[in-house]
Structures are given as structure tokens and as C-alpha cells.
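Values in this text are rule-based calculations from the coordinates and carry no lab data. The model shown is predicted, which means the values in this text are computed figures rather than measured ones. Cβ coordinates were reconstructed from backbone atoms using ideal geometry, including for glycine residues, and neighbour counts include every protein chain displayed.
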Amino acid sequence: MNFLLQNISLPLADFTLEIDARLQCQVTGLFGPSGAGKTSLLDLIAGLRQPASARIVLNDRVLTDIGAGVVMAPRLREIGYVPQDLALFPHLSVRKNLLYGHKKSRETEPLFGLEHVTEVLQIQPLLGRGVRDLSGGEQQRVALARALLTSPRLLLLDEPLASLDASLKAKIIPYLCRVRDEFHLPILYVTHDEQEVVALCDEVLQMERGRITERRRINDRQT
Amino acid sequence: MTAAEWQIVWFTAWVSALSTLVILPPGLAVAWLLARHEWPGKSLVETVVTLPLVMPPVATGLILLKVFGRHGMGGFLHNRLHLDVVFTWRAVLVALGVMSFPLLVRSARVALEQVNPRFEQIARTLGAGDLRVFFSITIPLALRGIIGGVILAFARALGEFGATIMVAGNIQGRTSTLSLSIYQSWFNGEDTVAYRLLGASVVLAFAAVWTSEWFMRRSRK
């Protein structure tokens, strides 16, 4: 992966998010206290927030370049985003949630096909159910599957395990490892939890008040 | 009930339903603009939309009479399209639509505001464009509140009196609605006719409000 976050500037309530980084590991963790600007950074990468300045390039594909007047619409970015609250559509069944953004004609099929993704995350039995009837862990896996089914070029995971208790976390982490190893997708992973960092990430960016204050390598797996 | 009375009930029901249907698309558009966007002149539009709720209906009717009269837009419609509005069923339609528009907009706006914008944002990251987001996420999530608003608007149209009598008059078989006919019957001393029409309007209004309450209760769950 070659992911460039250049000259990022996004004014927030108490400070300005300012980032300059080139990411080349498969899984990069964003680690830091609440309110450090981690979710705002993911929103910005997904195209859901408009920065004052930014140049965001993913594998030679320019997503945002404010200087050049380029702001790609979120729907065209091919970024899978699992927000902290999951945002599963409550009026749709699990199957309809999964198929909402499913691209069938991409060359990545069958890697990101419905059968493969639901098999990896073991959610086939849930397809006919409503999302309100799912447990926290099941909802987590459905949200992850929904993002994967868009055949994304980058996966943004915003504290995907934050709302789960320790035993459920321990059950979900292997699924995230499977996703990482099976789909070979670059992932940006926001977390507060050192255990998740060690289990999943290759590199960690420590963030505080909108800036990267530390950068450390965990594993050597490169994409 | 006599055939003429049934005609009044039927006319009131269908013209109320049609007026609600006609104001639905612009009502949803205005509600969405008010709920989801900030723009210059927003507070002015909010006020104008609310005006028919607070102004005397007769005053609104007088405005409509001037607008759709021969010296206003009505002249243009008559000369170019050979279409008369004032003192026809079209005037009833316009009066009912204008008077119930604020109720529809207010209910739809509240319903749209209650839709978590995060759902719409995530739908966009899943590849959906604005129209698909609106029809597949926003409207379904606000649907119960919108339906409640539609039924309230319909109920308001059923009972409209002041604006209708100004712009459409009370012409038997052409513009007579339940409210106008109840007043006219009572005024003429035809108490039994007034009571029969009263009963019909109570049944219609009860059904509309009860359905609205039922949808509101469901939307809160």
C-alpha cells in the first residue's frame, strides 16, 4: 500500500487536525485518547468532511486535493468504512444491508462475493434476520461484511470492538485477523486498546490533539 | 343520507385526499431543505410556510382570491389555458392544499430531523448517490412520521372552512364541502341535515386522527 496523507488541515472544535504521513503497512493503527481527532481523520479520508487543505492519495489515485480542486465524492472513493456505531440500516434485513453496496461486476469477485465474505465472517445464518435482532458481536461482523462487499481498496475501522465486553472482543479479534489475512486489504484501525494493536496492527500512529505524536512499528507485514 | 349529502361527503374526501397528494412532493422537498440544510432566507421561508397556521383562514382565502382572481394569476390561467380556478373545485383544492401545507411540512421536518445523518453518510460510502440515499435511507427511516404528517394534513383539509368559502364559495354540487354544508344547513334551519353531515365529518376526522396517532406511536417505538 502507498497511502499519502499530505498537508491535512481540518479545524475542529478545540484544535486543528494537522497530519502529514505516508502509510505503507497493511494495517495501521490510530491510537490515542478520545477527542484526539481519529474519527475526524477517518471521516475526512472517506470524504464525509471537507478539510481546509489536504492531499489524499491512495495508490496513485487522488481522492482529495484541495489545492487542485479535486474532492472525490464518497460513493466513488471505494473505501469501506465501519463507523463506531456501525450504522447498520435498521429498516433493512441483514441480507439487504449486505447487498446495499455490493458490487458484483468487479474483477475482485469472487474474493468479495457474498458467499465468500459471509463464510469468512460466519454470518450466513443471519442473512434473513433483521439487524435489530442481532447481538453486538453479530452486528459487528455484519457491518464489517457490508463494508467488504463493496470491494474496497481501503478499509476504515473506527473502534470496531469498543462497545463489546472482553469475552466478545476475544471472539471477534480472530475474525478481524481473518479479514486482514484473507482479503489483503490495507486497513486503518482506530482503537484505544493495546491488545488489539498487538493482535492486528503492523504500525501504530499515536495521536493527540489532532497531531501524530509518535509512530512505532509492531509487525513487518507489508503490502 | 340523501344522494346530495353523499355527494358532499365523497367530494370532501376526494378533494382532501387529492390536495394532500398534490402538496406531498413540495412539502417533502421544503421539509428536507429545512431539516438538512442551512441557507440564506431559511428563516423567512420557515415563517412563510407557517403563516397559514396562524393567520385567520379567511385572510388566507382573501389572498388566494386575489392571487387566483382575474386580475392575478387567474387571468393568465384563464387567457392562456382556459382554466378557471376561483369558485370551482380547483379553488377548493388550492385552499385545502395551502391550509394543510404547514402541518405536512412541520411533521415531515421533525421526522427527517430524527433520521441519524450517519446512516446517510455511510450509505454514500457504500456507493449510493444522493437520490438513492434519499429514497432508500432517508424516506424509509422517516416514513412513519411522514405518514403521520400526511394524515394530519388530510384531516386539516377535511375541516377547512374559512379559506375555502372565500376562494371557492359554497356552490351546491360544485364546491360544497362538509364544513360549508354543515354551516349552510344550520343557517337554513335544516338541523337534521346538519346533524347527518356532522356525523359523517366526525367519522372521517376520527378515522384520520386515529390513524395519525397510530403511526406516531409506531414511529416512537
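Observations on the model:
- Measuring between their Cα centroids, segment A:164-223 and segment B:126-177 lie 51 Å from each other.
- The charge dipole of chain A, taken about its Cα centre with unit charges on the Cβ atoms of Lys, Arg (+1), Asp and Glu (-1) only, comes to about 540 debye.
- Once the chain from residue B:207 to residue B:58 is taken as fully extended at 0.36 nm per residue, the excess over their C-alpha distance is 51.0 nm.
- Overall size of segment B:88-221 from C-alpha positions, given as principal axis extents largest first: 66, 30, 18 Å.
- Two-site FRET efficiency, residue A:96 against residue B:36, from Cβ-Cβ distance with R₀ of 22 Å, rounded to 0.05: 0.40
- Sequence-distant aspartates and glutamates (8 or more away, or on other chains) whose Cα lies within less than 14 Å of residue B:66: B:84
- For the protein assembly as shown, the Cβ-based charge dipole about the Cα centre amounts to some 780 debye (Lys, Arg positive; Asp, Glu negative; other atoms uncharged).
- Cut-off under 5 Å, modelled amide H: who pairs with residue A:187 long-range: A:27, A:28, A:155
- Residue-averaged beta-carbon neighbours from other chains (10 angstrom radius) around B:126-134: 5
- Structure note, pairs A:103/B:42; A:96/B:42; A:96/A:169: Cα-Cα distances above 30 angstrom occur for A:103/B:42; A:96/B:42.
- If R0 is 45 Å, the Cβ-Cβ spacing of residue A:14 and residue B:218 corresponds to a FRET efficiency of close to 0.65.
- Note on segment A:141-223: with charges restricted to the Cβ of Lys and Arg (+1) and Asp and Glu (-1), its dipole about the Cα centre is near 240 debye.
- Residue range of chain B that is longest and free of GluC sites (Glu not before Pro) which are both DSSP loop and sparsely packed (at most 15 other C-beta within 10 Å): B:39-189
- All-pairs Cα distance distribution in chain A, expressed in whole percent, bin size 10 Å: 8, 34, 38, 18, 2
- Share antiparallel - DSSP beta bridges, segment A:109-221, percent rounded to 5: 60 percent
- With each label modelled as a point 7 angstrom along the Cα→C-beta vector, the residue A:198-residue B:76 pair spans 7.5 nm.
- MRE, 222 nm, helices only [DSSP H, n ≥ 4, -39500 (n - 2.57), over chain A, to nearest 500]: -8000 deg cm²/dmol
- Segment B:144-189: proportion of alpha-carbon pairs further apart than 11 angstrom, %: 69 percent
- Most positive-pole-ward Cα, B:99, B:186, A:71, against dipole of the protein assembly as shown from beta carbon charges: B:186
- Scaling the Cα radius of gyration of the protein assembly as shown by the globular reference 2.2 N^0.38 Å produces a ratio of 1.30.
- Note that segment B:23-89 carries a Kirkwood radius of 14.1 Å, evaluated over its alpha carbons pair by pair.
- Relative to the longest principal axis of the Cα atoms of chain A, the long axis of helix A:166-183 makes an angle of roughly 80 degrees.
- Net lengthening on full extension, residue B:1/residue B:67 (0.36 nm per residue, minus Cα-Cα): 20.1 nm
- Helix content alone sets the calculated 222 nm mean residue ellipticity of chain B: runs of n ≥ 4 DSSP H residues at -39500 (n - 2.57) each, divided across all residues, give -26000 deg cm²/dmol.
- Using the Cβ-Cβ distance between residue A:24 and residue B:48 with R0 = 56 Å, the FRET efficiency computed as 1/(1 + (r/R0)^6) comes to roughly 0.50.
- Given charges at Cβ of Lys, Arg, Asp, Glu: segment A:1-111 dipole, positive-most of A:35, A:57, A:100: A:100
- Ascending count of other beta-carbon atoms within 10 Å, so fewest first, for B:82, A:184, A:192: B:82, A:184, A:192
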